[in-house]
Amino acid sequence: MCLSIPAKILTVEGNMARASVGGAVVNTSLHLVDDVKPGDYVLIHTGFALQKISEEEALETIAMIEEMEKETGDPE
Amino acid sequence: MKYIDEFRNHDLVATLTEAIVRRSKKPVRIMEVCGGHTLAIRKYGIQQLLPEHIELLSGPGCPVCVTPRISIDRAIALSRLPGVIITTYGDLIRVPGSRSSLNQERAQGADVRIVYSTLDALDIARTNPQKKVIFLGIGFETTTPSSAVAILEAERQRISNFFLLSMHKVMPPAMGALIDQGIRIDGYIGPGHVSAVAGADMYHALVEKHGIAVVIAGFEPVDLLQSIYMLVCMNEEGRHGVEIQYKRVVTPRGNTKACEMVNHVFDSCDESWRGLGMINGSGLSLKEQYSRMDASLQFDVQVEPLPEPAGCICGEVLRGMKKPAECRLFGKTCTPANPIGACMVSGEGACQAYYQFR
Ligand code: SF4
């Protein structure tokens with residue numbers, strides 16, 4: 001029950017949305033998040049969208065690790 | 001970006017593993033306090049990627065596991081009342097109480113229904129006006145907002161037969177209690193989704209008081225390894241503080257809308273945890289203005305605490321003092337199909353996670 005999953009919002013209707021989780025379509029409540037629109041990624045937990053997922057931050061996290069790779073790739 | 005495969009990338013895993021090996025000199029004990037992390041660490045074999053002097057411990061992070069037996073017994077007693085429908089998340093019904101479980105009660109005729117969301121429980125109340133529908137609210141900062149929404153919606157829609165038995169808990173006091181109880185922990189892998197809701201700032205008091213390193217982590221292998229790397233760096237440099245690895249969903253203040261709803265509906269209270277005992281300010285009870293929906297006040301059931309089943313060491317497992325395999329029942333009489341203790345019930349329980357990925 002603890003598991004939360006990234007899901008892509010497909011359609012929004014009032015306080016509810018339909019979202020795609022790896023191809024499967026689920027219903028999710030939007031009571032806890034504002035300004036969610038189709039195409040956004042959210043984290044779903046027990047039927048509620050908990051938070052929007054930031055693509056910018058995700059890319060930055062990966063870039064940081066790739067940067068480490070470059071630094072350590074050089075002979076010390 | 002689908003936020004899954006990118007964080008399972010082999011090259012990134014290799015880079016991080018090498019970086020950890022290079023950077024880590026001191027022995028460290030790192031505890032995760034989220035059942036989702038316990039499961040992911042076992043599933044991806046994260047411990048096996050690390051040098052031997054980095055030890056990963058599982059803490060009290062599975063809500064089903066930390067729910068004490070007396071709470072299960074209370075839920076069972078409620079299920080026996082006439083005209084009551086019990087609604088809850090799946091795992092809870094399999095947790096053994098002192099003499100029975102909700103599952104056994106259901107087999108004997110109690111109306112116990114598994115719901116996916118609190119809104120489903122509210123629907124059951126709406127369509128069964130002659131019944132009293134009790135939702136068993138368990139879980140940490142991640143699930144509490146959905147219970148708050150159910151209370152607010154019940155009020156708005158004037159549904160008068162919906163009740164909540166709040167067993168909700170908050171995480172930071174338990175993290176402090178473990179250190180107070182003398183468990184040696186050099187760093188916490190902070191719970192990602194708890195923090196997505198409540199915000200990274202909520203650990204500041206803990207960090208100041210105990211001088212510990214906390215890194216809030218995501219749930220994929222890259223997330224976990226990067227977080228362990230960050231904790232190793234903090235320990236090597238003698239730093240404490242709160243850092244966020246899981247920046248794509250965690251911010252310092254979290255989801256303020258969800259937090260406001262929780263604060264509107266709940267008050268802080270002392271709460272008992274399996275294995276850890278009573279922890280000040282670690283629970284949430286409904287505010288007085290919602291007492292008419294408070295199942296702990298509206299139904300009169302008596303339950304007596306009984307000792308834990310002989311041989312089960314869940315209490316020590318939940319405090320990171322023992323590994324599941326050290327339990328003599330593990331994998332023998334206690335299995336996921338026939339759990340003796342709570343830690344074997346849920347996929348995020350340490351005993352089940354260790355069992356599934358032996
Ligand atoms: S293996 Fe079973 S009996 Fe042993 S500690 Fe875990 S849950 Fe309890």
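Select from the range B:103-123 the residues that are within 14 Å of another protein chain (Cβ to nearest Cβ) and surrounded by fewer than 24 Cβ atoms within 10 Å (Cβ to Cβ) and list them in ascending order. Steps first, please.
Here is the first cut: in the range B:103-123, the residues within 14 Å of another protein chain (Cβ to nearest Cβ) are B:114-123.
B:ILE114, B:VAL115, B:TYR116, B:SER117, B:LEU119, B:ASP120, B:LEU122, B:ASP123 - these are the residues of the range B:103-123 that are within 14 Å of another protein chain (Cβ to nearest Cβ) and surrounded by fewer than 24 Cβ atoms within 10 Å (Cβ to Cβ).
Checking each residue in the range B:206-241 for being in contact with a helix residue (DSSP H, G or I) (Cβ under 7 Å, 6 or more places away or on another chain) and of a type in the set (Gly, Ala, Ser) picks out B:ALA213, B:ALA217, B:GLY218, B:GLY241.
Among the residues of the range B:177-190, not a single one is touching a Phe, Trp or Tyr at 6+ places or on another chain (Cβ under 9 Å), hydrophobic (A, V, I, L, M, F, W, C) and closer than 21 Å to B:LEU136 by Cα. Look through the range B:267-300, keep the residues that are in a loop (DSSP other than H, G, I, E, B) and free of Cβ contacts under 8 Å to residues at least 24 places away in the same chain, and return whichever of them is farthest from the ligand (Cβ to nearest atom). My answer is B:LYS287. Mind telling me which of the residues A:VAL26, A:VAL33, A:VAL21 ends up being under 16 Å from the mean Cα position of the chain (by Cα), modelled with pLDDT of 95 or more and either within 25 Å of B:LEU92 (Cα to Cα) or within 8 Å of chain B (Cβ to nearest Cβ) (or both)? None of the others qualify; the one that does is A:VAL33.
Filtering B:LEU119, B:LEU136, B:LEU102 for residues that are within 22 Å of the chain's Cα centre (by Cα), at pLDDT 95 or above and more than 26 Å from B:MET261 (Cβ to Cβ) leaves a single hit, B:LEU102. Among the conditions (1) more than 14 Å from chain A (Cβ to nearest Cβ); (2) within 10 Å of the ligand (Cβ to nearest atom), B:GLY349 misses just one, which is (1). Highlighted here are the helices (runs of 4 or more DSSP H) found entirely within the range B:134-202 that include at least 3 residues which are farther than 13 Å from B:LEU286 by Cα and touching a residue at least 60 places away in the same chain (Cβ under 8 Å): B:171-180, B:192-198.
Which members of the range B:332-343 meet the condition of being in a loop (DSSP other than H, G, I, E, B) and either in contact with a Phe, Trp or Tyr (Cβ under 6 Å, 6 or more places away or on another chain) or more than 8 Å from the ligand (Cβ to nearest atom) (or both)?
The initial filter retains those residues of the range B:332-343 that are in a loop (DSSP other than H, G, I, E, B), namely B:332-333, B:336-337, B:339-341.
B:LYS332, B:PRO336, B:ALA337, listed by residue number.
Applying the condition of being more than 8 Å from the ligand (Cβ to nearest atom) and among the acidic types (Asp, Glu) to the range B:301-329 and asking which residue is farthest from B:ARG358 (Cα to Cα) yields B:GLU304.
The values are calculated or read from the model by the stated rules, or taken from the named source; none is laboratory data. Worth saying up front: this structure is predicted, and the values here are computed from it rather than measured. Neighbour counts are summed over all protein chains in view; Cβ atoms, including those assigned to glycine, are modelled from backbone coordinates with ideal geometry.
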